[in-house]
Amino acid sequence: MVKALTATACGPAATPGIPVDWILSARYVVSQAPDRRIIENGAVAVAEGRIVGVGRSAVILDSYSSDNVLDAEGRVVCPGF
């Protein structure tokens with residue numbers, strides 16, 4: 001199950017995010033959900049070969065942690081495609 005995360009007002013994270021294998025960030029993330037939502041400045045979290053989080057980069061980077069973070073630098077990422 002993929003969690004779509006939304007930003008909430010909160011202070012700095014007290015603990016590191018959920019560990020994942022990869023975090024990919026991009027200028028645009030095109031969701032493969034039925035609504036095909038386009039997330040500007042988005043990111044995708046991947047654990048054990050599965051997408052576990054899709055949302056704004058700031059939210060994904062606050063919610064998840066990884067030693068493997070790839071910035072697609074202005075490109076489009078289409079997770080699950």
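When residues in segment 32-48 are screened for being more than 18 Å from Ala72 (Cβ to Cβ) and modelled with pLDDT under 95, 4 of them pass. Residues in segment 32-45 that are surrounded by fewer than 18 Cβ atoms within 10 Å (Cβ to Cβ) and part of a strand (DSSP E or B): Ile38, Glu40, Asn41.
Residues of segment 52-80 being in a strand (DSSP E or B) and crowded, with 18+ Cβ neighbours inside 10 Å, which ones? Quick ask: steps written out before the conclusion?
Restricting attention to segment 52-80, the residues satisfying the condition of being in a strand (DSSP E or B) are 52-56, 64-65, 69-71, 76-77.
Listed by number, the residues that qualify are Val52, Gly53, Val54, Gly55, Arg56, Tyr64, Val77.
For segment 13-31, the tally of residues that are within 13 Å of Ile60 (Cβ to Cβ), at pLDDT 95 or above and not in a strand (DSSP E or B) stands at 1. Within segment 53-81, residues that are at negative phi have Cβ atoms under 8 Å from residues that are loosely packed, with under 13 Cβ neighbours inside 10 Å and in a helix (DSSP H, G or I) in no pair, counting only partners at least 6 apart in sequence or on another chain.
The values are calculated or read from the model by the stated rules, or taken from the named source; none is laboratory data. Computed from a prediction, not measured in an experiment: that's the story for all the values here. Note that we place each Cβ from the backbone using ideal geometry, even for glycine, and neighbour counts take in every protein chain shown.
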